[in-house]
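Take a look at the structure set out below.
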Amino acid sequence: MKESLILEFDAVAYPLSTIQKACYRFTNIASFEIQRLKRPHGDIILVTARPLAAKSEDGLEHLGKLVRNEALDQCLREQIREETEGVRNLVLAHAFSRTGLIAPDGAAPAA
Amino acid sequence: MSKFQPITFFTRAPVSQPAQYELLPFRFTALDGARYVATNLAGEYTLIAREPLQRLVSKQLRAEEPLYVDLRAKHFLADEHSRMAPDLLAIKVRTRHEQLANWTGLHIFVLTLRCEHACPYCQVSRQSQSKGAFDMSDEHADKAVNLVLQSPNPSVKIEFQGGESFLNFELMKRVVLTAKAANSKLARPKDLTFIAATNLAVITNAMLDFCVEHEIGISTSLDGPCELHNKNRPRPGGDSYERTIAGIAQARLRLGRRSVSALMTTTEASLPQARDIVDEYLAHDFSGIFMRPLSPYGFALKTKFYRAYTVERWLKFYDEALDYIIDLNRQGVEFREYYASTLLTKMLTCRDPGYVDLMSPAGIGLGAVVYNYDGAVYASDEARMLAEMKDTTFKLGTVDDSFHTLFTNETFLQALDESFAYSAPMCNDCAFEPWCGSDPVFHWGQHRDMVGRKPESEFCQRNMHIFRGLIHRMEADPFVRRLFIRWANTC
């Protein structure tokens, strides 16, 4: 029975926020400690996962796979978010323009 | 100007060349081991495997691929042939949120806490029938009516709740008459409707006469077959079921079938009886059923009723009932499950049915407001149930306050702001977010946090399971897809 699992991610390939989000998704299964460390060949993100309830070695291994896949998904999401930020804000501004929830800069929202 | 596009419009990029396109905002969530559900800003969905998803994001899709055409039609990407896509998307998002500008439409009056039933799962403490101290006063009711009519919403529904609302019938009459008179004097009278939540046990002909005269709808409780209903809803004489069934028949006779609806609540005893409960509703000629879990408030918690079953067990019960209802439809019996219908309306149309628990920004205060028997004003029915447990976090104020003071209450605005699912952790990545809600009262009750910890959230677990289940059923069976489209469009 292992008590923790260590996962290593390349800090260039994975922005820190994607690893944080991936870990958060599994906080009902384990607690996570995330560190960004300097290494001679480039920075890494080191994740230490400690299951909330005892897990077999296979169970822990499976959790590691889930976190890795989720980290990949989070990278894709980050890419979509960055590329579509402008149009997203435009669409939302247009959509809410009649509600009084969006006010011009410096003005109070409509009463 | 020619009516037709020039020939160059139809010129496609050579096969095997990736198309030139821009991504539009979308989210994705795993459906199963092989596929993802992706939704755009307006909540339109598509299913996509991981490999094409990767190619979509890295701009490797080719224009002649059916997936490309589908994604363009559903506003997941835009190219030179779809320059209007962001505008169309904005109109769809705007339609979905149009109710926001109207503000609160549902105003709940808790006329009394008194009730002759002793349901162990009841969310508010049962009080003796004789205790006038638990009745709303005339003064509070008049002030509440005044607040109701200040809502900017052109359609306002006043719902009477209890306890047993008809135990304070005199006040119900006062509210109806006062509201109608005041409404008729408005420059722009509202579309004003009334509904009474009642167990029907104490209803009389005189009460029904009044309901007929003022078109007051009836919403009652029917938990299932006789034995289950009477077990869940004890009262002196042990005849809750008999009185409910007789009351339903009487009310329908006077008000019409469509003016009488019923709700069930799931207890541990209900779990093995999913089909029997559906059959009970069918036997009494209801056109559907709302399969409801217990809420984690009030008596349900005090008596440990809420923890009597897990969310997984309830979902098994829900799935069994839903599959049974689908089979009934397959056999030609028209019947629906109302929670699924509400979700499907959000999933398959641009409309939002305005179900308070499934709104973001949260439905509290915006979708409903509660005037309690003691003059306190709460942001939702669940908020006043929480208050019965001595937690007044979601109290907006009292009927003595102005409309402006109540709805600019700092706690209320903070709850709306913090729980906005569009920016909540995990919700902001979730493909189901456009169909879901934030329910800060539920999460506060569970985690003492308005946002809640989503990986542990039963609200999240329940809804994500149901979303996935609805999609799986639709994708696997064309009959179910047609059925669900019908449910979505008549919700």
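All of the numbers you see were taken from the coordinates with simple rules; none came from a lab. Values in this document were obtained by computation on a predicted structure and should not be read as measured data. Counting neighbours? That spans all protein chains shown, and the Cβs are built from the backbone with ideal geometry, glycine included.
The figures follow:
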{"read-out": "Potential lengthening between residue B:475 and residue B:335 on full extension [0.36 nm per residue; Cα-Cα distance subtracted]", "value": "48.3 nm"}
{"read-out": "Burial order of peptide ranges B:81-91, B:285-295 (average beta-carbon count within 10 Å, highest first)", "value": "B:285-295, B:81-91"}
{"read-out": "³J(HN,Hα) computed for each position of region B:316-333 - Karplus, 6.51 cos²θ - 1.76 cosθ + 1.60, integer Hz, glycine/proline x", "value": "5, 4, 5, 4, 4, 5, 5, 5, 5, 5, 4, 5, 4, 5, 4, 8, x, 8"}
{"read-out": "Using alpha carbons only: equivalent-ellipsoid semi-axes of the protein assembly as shown, gyration tensor based, whole Å", "value": "45, 29, 26"}
{"read-out": "Relative exposure of B:198, A:27, judged by other C-beta atoms within 10 Å (fewest first)", "value": "A:27, B:198"}
{"read-out": "Proximal lysines to residue A:2, defined as alpha-carbon separation beneath 29 angstrom and excluding residues fewer than eight positions away on the same chain", "value": "A:21, A:38, A:55, A:65, B:454"}
{"read-out": "Sequence-distant residues sharing a close amide H with residue B:136 (under 5 Å, placed H)", "value": "B:112"}
{"read-out": "Shielding by partners - mean other protein chain Cβ count within 10 Å, residues of A:83-91", "value": "6"}
{"read-out": "Average partner coverage of B:172-181, which counts Cβ from other chains inside 10 Å", "value": "0"}
{"read-out": "Kirkwood Rh, Cα atoms: Rg over Rh of region B:16-96", "value": "0.96"}
{"read-out": "Label point distance in nm, residue A:38-residue A:89, each placed 7 Å from Cα along Cα→Cβ", "value": "3.4 nm"}
{"read-out": "Rg to Rh quotient for region B:104-407, alpha carbon positions, Kirkwood Rh", "value": "0.95"}
{"read-out": "Ranked packing of B:324-337, B:427-440, A:33-46, most packed first, by mean Cβ within 10 Å", "value": "B:427-440, B:324-337, A:33-46"}
{"read-out": "Radius 9 Å from Cβ of residue B:359, net charge of other residues (Lys, Arg +1; Asp, Glu -1)", "value": "-3"}
{"read-out": "Restricting region B:336-399 to chymotrypsin sites (Phe, Trp or Tyr not before Pro) in coil, as DSSP defines it, with at most 11 other Cβ within 10 Å", "value": "none"}
{"read-out": "Other protein chain Cβ atoms within 10 Å, averaged over every residue that makes up A:64-77", "value": "2"}
{"read-out": "√(5λ) per eigenvalue of the Cα gyration tensor, region B:372-491, largest first, Å", "value": "34, 17, 13"}
{"read-out": "Stokes-Einstein D for region A:5-95, Kirkwood Rh over Cα pairs, 25 °C, 0.890 mPa s (µm²/s)", "value": "169 µm²/s"}
{"read-out": "Using θ = phi - 60° and Karplus 6.51 cos²θ - 1.76 cosθ + 1.60, couplings along region B:352-365 (whole Hz; Gly, Pro as x)", "value": "10, x, x, 6, 4, 5, 10, 10, 8, x, 3, x, 4, x"}
